1. Given R₀ = 35 Å, what would the calculated FRET efficiency be for B:H100 paired with B:R186, taking r from the Cβ atoms and rounding to 0.05?
2. Taking a ≥ b ≥ c as the square roots of the eigenvalues of the Cα gyration tensor of segment B:333-373, is the shape rounded (a/c under 1.5), prolate (a/b larger than b/c) or oblate?
3. Two decimals is fine: what's Rg over Rh for segment B:297-392, C-alpha atoms, Kirkwood radius as Rh?
4. Starting from the alpha-carbon convex hull of segment A:2-114, give the projected area averaged over all orientations, in nm².
5. Residue by residue through segment A:116-123, what is 3J(HN,Hα) from phi via Karplus (6.51 cos²θ - 1.76 cosθ + 1.60, θ = phi - 60°)? Round to whole Hz and write x for glycine and proline.
6. Using a 7 Å offset from the Cα along the Cα-to-Cβ direction at both B:A159 and A:Q97, what is the distance between the two label points in nm, to one decimal?
7. Between segment B:303-319 and segment A:98-159, what is the C-alpha centre distance in whole Å?
8. Please figure out what share of the DSSP beta bridges in the protein assembly as shown is antiparallel and state it in percent, rounded to the nearest 5.
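Only the coordinates and a few stated rules stand behind these numbers; no lab work does. Since we're looking at a predicted model, the values are computed, not measured. Here the Cβ is made from the backbone with ideal geometry for all residues, glycine too, and neighbour counts use every protein chain on show.
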Amino acid sequence: MKVALFVPCYIDAFFPEVGIATLELLERVGCTVDYPLDQTCCGQPMANSGCHADARDTEALFASNFAGYEHIVTPSGSCAHHVRDQLTAIEQTPAVQAVRSNTRELIEFLHDVVGVREFPWAEFPHKVGLHIGCATLRRLREASTSEIREPAFSKPARLLGAVKGIEIVRPERVDECCGFGGTFSLDEEPVSAKMGRDKVADHLAAGAEYIVSPDMSCLMHQRGCAERAELPLKFLHIAQVLNGTAR
Amino acid sequence: MSRVDHAEASSRFIKAKDHAEFHDKRLWDLRRKRDGETQALPEWEELRSLASAIKEHTLSHLGDYLEEFERNASANGMVVHWARDAAEHNQVVHEILESHGVTTLVKSKSMLTDECEMRPYLENRGIEIVETDLGERIQQLDDEPPSHIVVPAVHKLRADVAEVFGRTIGTDAANSDVAYLAESQRRHTRPYYLKAQAGMTGANFAIAETGSFVVCTNEGNADLGANLPDLHIASIGIEKLLPRIEHLGVFVRMLSRSALGSPITQITSHFRAPRPGTAIHVVLVDNGRSERLGMDDFWTSLKCIRCGACMNTCPVYRRSGGLSYGSTYSGPIGVIIDPTFNLRKYSSLPFASTLNGSCTSVCPVKIDIHAQIYKWRQIIAERHQLPMVKKEAMRVAGKILASPKLYRAAVEAAAAGLEKLPRALVYNPFNAWGRQREVPAAPPQTFRQWYLKNRKGARR
């Protein structure tokens, strides 16, 4: 299966190892991966700030970079959500609509499209707190939420649970937002940092050694909070665990 | 009117550690209890859909139902008034009170009268007003607005209440025993029920078919206020209408479960007609609701039944307190209706959200709150109400991210630069990220640089 890989700007710049793990993981499960070299960002930072006019050219660039691919995969739930549900600053041509509907977050692509259930190459004998970002959880609906009365399910937990040796621990406020929220983390720094501290403390209290997530931007924020508080927590993108990069 | 600075206010809120911790825990506890109640009802999600559909139908035929309500309420012997806005509402209420020679009014909880700023209006005209809901009374005595639409004094600790009562009703300010405080307040307030010539309530629901209205409370204060004096005034927002009495059950089942995590309010009173020799006046208030009803993106905010579930679940509200929103309505529901009152004043509020969407998921009438917050941000940007710094940052970001060349230069320089900067330059008060968080370490190369070295060649 041929896929185009979208590596969000903050992963490209700060967490190349997450992009690498994603690429290798996709190759392991039998995908041929293209990485369009002119990619930058999906436009979410501007659009989430209300600045649709400023998002327009970035969205247009995204759409042209990924035009024609049947599968566009990204290791970031909020970017996948933006592309699929909110990339509306540009004209909605059939090509743009196809790019939008063909975009998947990595876990939903592995779970729903490829149908991977086993990761025999991976092993992670650690206690892990799973953080599912709010866009991944409530917009992409990769897991059931504590607010809705529905049967419990979790695609990230199901895949992570298949890794040898892993133990998933459950924080008390299992799906409360960690307070990243894109530019919210700067606009509303006091509340954002408080939410981040509360989130990592909740995971620590549940016994987590690692916080693992399909959402690296949440982890960037949580890691920043944990490091400042000198908490003994480590942070990994879910691709790093599923790929067996981290052990 | 100056802009509300939510971030600044929340910073002060968080600094009061004991208060902030209590506030978050108390409201999370309500959210948890709400989860327990909703998980116990197999039909919960069905009820939400039904409630939403009933409200949307009613709002789409609001004019008809309002007239039906007026006809039936009048036939029942109630007097119905119409108020276009807050000023007209206050005037109408004052005229009713004046014509009945009222000098003291006991009133139960009503967000609408706060929205209309009725209390100062009437007090300036010589009318004594006593809030009888415990939380509202605490807030009145402390000369502060309510911070939550269901639990108005939730931001106060017991010791704060003891201090307020000590200062205002003569209790022992050092005694923060709950039973003592509640009993003292009761003794202080009870005589007003007998003294008052009028009682005022809001309404949770008004039924077109029966011309009756329903008040849901937990303390019994509304019923004393409505029944002891000979005059009862009810201020009702026009969005409170329900078509038929059979629809009421859906909402009564959801209201308190959503609000407090209890199956039902202690008291659910139906007011249909005045007792012989007494009068009930109903004031139907618009105050911007018709205009909101005409807004394609925001009209469904009128479905709100004021349960406060969105506030209890909101991680930002719980950590910033209701007063930080600088408006009658705070939390997620406040964020989406406050800008309809004053876009400039409340332009920071839609940014006081991570767009996590928990509010939408708990809303018993399925208002897509997070989507409306997102939409307000666009309107605020289009109407040039963004702070200059943010506007400029987004303009520059938009330029860089639209150009592969500029983008590559920026990320590669930023990564390389960060490494070399002294810590004091990265972690300073002007860098909001670094104030309480570490900045990620710069990697030796970007993903793209790695890709070009390790994968390129073979592919396009």
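1. 0.85
2. Oblate, since a/c reaches 1.5 and b/c is not below a/b.
3. When Rh is taken as the Kirkwood radius, the ratio is 0.94.
4. Averaged projected area of segment A:2-114's Cα convex hull equals 6.4 nm².
5. Each residue's phi maps through the Karplus curve to give 6, 10, 10, 10, x, 7, 9, 8 Hz.
6. 6.3
7. 27
8. 20
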